[in-house]
Structures are given as C-alpha cells and as structure tokens.
Amino acid sequence: MTVANHTVEKIGGTSMSKVHELRDSLLIGNTENPYGRVFVVSAFGGITNLLLEHKKSGQPGVYALFSNDDNAHGWLDALSDVAGAMREAHGAVLDHPADIHAADEFVRERIEGARSCLFDLQRLCSYGHFRLSDHMMDIRELLSGLGESHSAFVTVLMLQRAGVNARLVDLSGWRDESELTLEQRIKAGFDQVDFATELPIVTGYAQCTEGLMREFDRGYSEVTFANIAAITGAREAIIHKEFHLSSADPNLVGAENVRKLGHTNYDVADQLSNLGMEAIHPKAAKILRKAGISLRVANAFEPQDPGTLIDEAEAEAATVDIVTGLGVVALEVFEQDMVGVKGYDQKILEVLARHKVRIVSKASNANTITHYLDAPLKTIRRVERDLLEAFPNASVKINRLGLVSAIGRSLEGLGVTERGLTALRAGDVKCLAVQHLPGSVDVQFLVSQEAEDRAIKLLHDAFVSPEAVAGEAHSEKAADSKKKETARALQAA
C-alpha cells in the first residue's frame, strides 16, 4: 500500500442513486487530477431495505422472509425483486450498453450465488444436527454485502468509461475462504493500491471475523469508512450527504432561517447521534477521533462548498450551534423505599438492556428514576411488565414526550436554560422538565409530544436567528465595555 496524502470519502445510499449526477462534479472533480481520494459507497437507495427489511416501516426483505419461511419460498420472489431493483438502479446511471450488460451479469452472478447458498443452507438445516438460527447473522452479512458490491462495481464501470483509472476494492469477502479481521481485510484490499494514480471505489460492507452487523447492524458502512481512514492514514475523512449540517430542520424553521454549522466538534456530533440526527455513527466518530483525523460533512451536490468541519477545536465564542428534537418515551419508576437503597437503577438498566432499549437521557431524585427512551411502545410495555415483577411495590408511569435540545461546542455564559424557558413560555409551550449538566454541550427541554416541533422553532428563533445572534453580540460588546470601564476606574483609584 502506497503511503499518500489522501482523503477517504463516503457517499450514502440516497446520493448513490444519483451517482451519475455526481460523476463530473464530485467523483472526478474540476481538477485534472482526480486521484488522492478514496470513495466508500453505500448500496443504491432502497436496495438494503429489499435485502434485509425496510429500515423505517419494518416491511420484510429477503432476510426477514428467509428467517420466517412459512409460505414455501417467499424469499425467492423477494430475491428476484432485488435483482430487478438492482438492474433498474444501474440502468439509471450507466449509459453504455457494454457497461449495462456487464452490470447485469454481475447482478446475475451475485444473486444466483446467494440463491444457491440459501437453498443449500435450508437443505442442510432440514437435518436435526444443524440449526438455521445459528447461521442467521452470517446470512444477514452475506445479503448486506450484495448491495455495496453492486453499487461499487457500477461506479467503477461509470468512471472507467469516463477515462478515470478507477479500481474496485471489494471488501465483502465474496467467495473468499480466508478468515480475516477487519484490519486485515482492509489492509489486504488496499495492499496494491496506488493513491496517486488510482481512484479506489470501496464497498461500505466489509466481511470480517468480528462480524460488523453483529455490533453495528446497518451502521456498518460508516464504521468501515472510519476504519479505512484510520488504517490508511488519511489526511481527512469526508461524508457526502444530500444536505448541509445545519442549525435545525429547514422544514420546521424555514430554509431561509437555518444556517450551516461550518465548524463544530466531536462532542456535538455525539449529541446529534444521541438524538437520532447522525452526522456520523458514534463508534465511527470514536475511531476517527482516536486516530486524530478530522471529519468533514459536505453536501454532495455542492462540491465547492467546504461543508462543516468536525474536529477537537474549542469554540472561539459561546454559541448554540443547532436545535433539534426527538420523540421519546418517559419511563418513570417510583418506589417509596428507594431512598438510600442501592440496586434499583442497576436492575432497571438490566431490564432495558435485555429488551435492547436505547436510553437517550435520564433523571432521578430520592425515590424516582426516569429514563427517556427511544423505543416502540410495545417494547416499553414489556419493560414495564418486567419492572413490576422486579419491584412489586413500585409505580411505573409511561408518557410520550418530545425532547428538544439546544447544542453547542460552548454554552458558557449564554444563559441557555433561562432564555430557553422564557422563549417557550412566551410561545405558550409548557416545559415539563429541563436538564443541563455542568460543562455539557447541550441543554434538554422536555415538552409534550405535540409541542415538539413548535418548541424547536421557538428555541431556534431564540438562539440562532439573526436577531438572537445580533443580541448576543451586542450583550458581549456591552459586557466588554463594562469590564474596560471597571478596569479604568480601578487604575484611577
């Protein structure tokens, strides 16, 4: 592997479906030298949903149908649907008939290979000594890799047709009998790559002994991306999205009112992930942070715009960078005998972990522990049942709320809590609770679920609007002036 001053860049699935629009502007760029970059690609938009299950609706894909094969071979039809969707996806981005034919053959070979594999496994598990459940994670990994391998192969065809020396780096382990760790897989894939004369297009999925999906499920592509950046010693890591990382959702506060973040740090990125507004998967951010690599979040369709830089730099001035929210379920456990007794919180955490419930935030006092959770209500009901079994004298309450957070690299001296409560009160939004840990990068306001969107707009107006920023600048200037007057008075005395 040639050592070079390169960047590692990732393109998401939605943008990949328009990769032909990005060919000249982003992938090739406006310079004569398109090299010195590595592109990690996701599957074309919607393909992974068809292979596994729909990320939002839960509609079953090939994996889900295969794991619950109670209608003969429903998964077979689903796999055929995937093949059709893949052909449709590359047909929309490739122009040359030879490239389309090559992509069609690629899809046929991979889909038929997966079909044979699943058939063989099903037959094997018809014998009592073998259990299909023991292999389901391997199947999930196999199917996931199909989407990224396809999109990477197609992108290489498109770039080579345009005269670029693009190189496919397929980390999916297709028909590879070797057992490699993630680091070994990446090093083997890049062993002969010359960053100065080649443009590597890399699969977002990497087959490895650790099993990426076991820990990260569908967040694996960003973890692969971060590891490639760290292992190859990238100068910078870049994620290309279809939008800029901005101060709020433009649909809530108006596109004319949002501002691009421009510069923030990994602490803020972690808080955004916690609230479901991922700039990057938190595990991927940890990898980049440890390697000392800064991350840039850019708009794929505005390649000349530098986007938002995420690094370790401290803020030059205290400011609220972003206001965002998340619908949560407040799980409140009240037990009169909790005072001074250890073990309650640990038991609650054990139950939440057993049901794989994500904790967004928590609060407690002498006899009440409240967790704010991101999980379906039916799962929370199971948690409630287990808690009442563990604490028969406890009272458990469940409420749907909106958690709205004002986040910034530095909030010191801004009076975010007081100003936020004032803004919500003025907008007739009742604040049910507020949390601000000393030195933290966010202040959380709990409101009713129905008031969440309005609360975001009110807080954005209070902290991020031009009028609010101008007011802060005026207050800061007045404070500086007062300090100077005091200093002069002391000198005169």
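The values are calculated or read from the model by the stated rules, or taken from the named source; none is laboratory data. Everything quoted here is computed from the prediction, not taken from an experiment. Cβ: placed from backbone, ideal geometry, glycine included. Neighbour counts: every protein chain shown. We work out accessible area using only protein heavy atoms, side chains counted, and drop any ligands, DNA or RNA first. Shrake-Rupley method; radii C 1.70, N 1.55, O 1.52, S 1.80 Å.
Which one of 38, 82, 62 is touching a Gly at 6+ places or on another chain (Cβ under 9 Å) and not charged (D, E, K, R)? Can you show your working first?
Values: 38 fails: touching a Gly at 6+ places or on another chain (Cβ under 9 Å); 62 fails: touching a Gly at 6+ places or on another chain (Cβ under 9 Å).
One residue alone meets the criteria, 82.
Here is a yes/no grid of residues against (1) touching a strand residue (DSSP E or B) at 6+ places or on another chain (Cβ under 6 Å); (2) of a type outside the set (A, V, I, L, M, F, W, C); (3) exposed (fewer than 15 other Cβ atoms within 10 Å of the Cβ):
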{"residue": "180", "(1), (2), (3)": "no, no, no"}
{"residue": "185", "(1), (2), (3)": "no, yes, no"}
{"residue": "197", "(1), (2), (3)": "no, yes, yes"}
{"residue": "253", "(1), (2), (3)": "no, no, no"}
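Return a yes/no flag: does region 31-38 have any residue that is among the aliphatic types (A, V, I, L, M), touching a strand residue (DSSP E or B) at 6+ places or on another chain (Cβ under 8 Å) and in contact (Cβ under 8 Å) with a residue 12 or more places away in the chain. Steps first, please.
From region 31-38, those among the aliphatic types (A, V, I, L, M) are 38; that's our starting set.
With touching a strand residue (DSSP E or B) at 6+ places or on another chain (Cβ under 8 Å) added as a condition, the list becomes 38.
Still in the list and also in contact (Cβ under 8 Å) with a residue 12 or more places away in the chain: 38.
There is at least one residue in region 31-38 that is among the aliphatic types (A, V, I, L, M), touching a strand residue (DSSP E or B) at 6+ places or on another chain (Cβ under 8 Å) and in contact (Cβ under 8 Å) with a residue 12 or more places away in the chain.
In region 43-80, which residue that is touching a strand residue (DSSP E or B) at 6+ places or on another chain (Cβ under 7 Å) and in a loop (DSSP other than H, G, I, E, B) is most open to solvent (accessible area, probe 1.4 Å)? Spell out how you get there, then give the answer.
Taking region 43-80 as the starting set, the residues that turn out to be touching a strand residue (DSSP E or B) at 6+ places or on another chain (Cβ under 7 Å) are 53, 59-61, 63-64.
Now narrow it down to the ones that are in a loop (DSSP other than H, G, I, E, B): 59, 61.
Numbers: 59: 123, 61: 2 Å².
Going through the qualifying residues, I end up with 59.
Being without any contact (Cβ under 8 Å) to a residue 60 or more places away in the chain, buried (at least 21 other Cβ atoms within 10 Å of the Cβ), farther than 22 Å from residue 279 by Cα and over 28 Å from the mean Cα position of the chain (by Cα): is that true of residue 98 here? Before the answer, list the steps.
Details: without any contact (Cβ under 8 Å) to a residue 60 or more places away in the chain: yes; buried (at least 21 other Cβ atoms within 10 Å of the Cβ): no; farther than 22 Å from residue 279 by Cα: yes; over 28 Å from the mean Cα position of the chain (by Cα): yes.
Against the criterion (without any contact (Cβ under 8 Å) to a residue 60 or more places away in the chain, buried (at least 21 other Cβ atoms within 10 Å of the Cβ), farther than 22 Å from residue 279 by Cα and over 28 Å from the mean Cα position of the chain (by Cα)), residue 98 does not qualify.
So which residues in region 110-157 are within 30 Å of residue 199 (Cα to Cα), open to solvent by 40 Å² or more (accessible area, probe 1.4 Å) and within 31 Å of the chain's Cα centre (by Cα), if there are any at all?
Matches in region 110-157: 142, 153.
How about region 400-419: which of its residues are within 15 Å of residue 380 (Cβ to Cβ) and surrounded by fewer than 15 Cβ atoms within 10 Å (Cβ to Cβ)?
Passing the criteria: only 400.
Quick one: in region 1-30, of everything that is in a loop (DSSP other than H, G, I, E, B) and modelled with pLDDT under 90, which residue is nearest to residue 284 (Cα to Cα)? Give the derivation first.
Let us first name the residues in region 1-30 that are in a loop (DSSP other than H, G, I, E, B), namely 1-6, 12, 17-18, 29-30.
Going one step further and asking which of them are modelled with pLDDT under 90, we end up with 1-5, 12, 29-30.
Details: 1: 23, 2: 24, 3: 22, 4: 22, 5: 21, 12: 15, 29: 26, 30: 29 Å.
Restricting to residues being in a loop (DSSP other than H, G, I, E, B) and modelled with pLDDT under 90, the top hit is 12.
For region 242-251, what are the residues that are crowded, with 19+ Cβ neighbours inside 10 Å and either hydrophobic (A, V, I, L, M, F, W, C) or outside any loop (DSSP other than H, G, I, E, B) (or both)?
245, 246, 248
Identify, by number, the condition in (1) small (Gly, Ala, Ser); (2) assigned to a helix (DSSP H, G or I); (3) over 22 Å from residue 370 (Cα atoms) that residue 413 doesn't meet.
(2)
With touching a Phe, Trp or Tyr at 6+ places or on another chain (Cβ under 6 Å) and not basic (Lys, Arg) as the only criterion, which of 258, 268, 320, 297 stands out?
Details: 258 fails: touching a Phe, Trp or Tyr at 6+ places or on another chain (Cβ under 6 Å); 268 fails: touching a Phe, Trp or Tyr at 6+ places or on another chain (Cβ under 6 Å); 297 fails: touching a Phe, Trp or Tyr at 6+ places or on another chain (Cβ under 6 Å).
When all the criteria are applied, what remains is 320.
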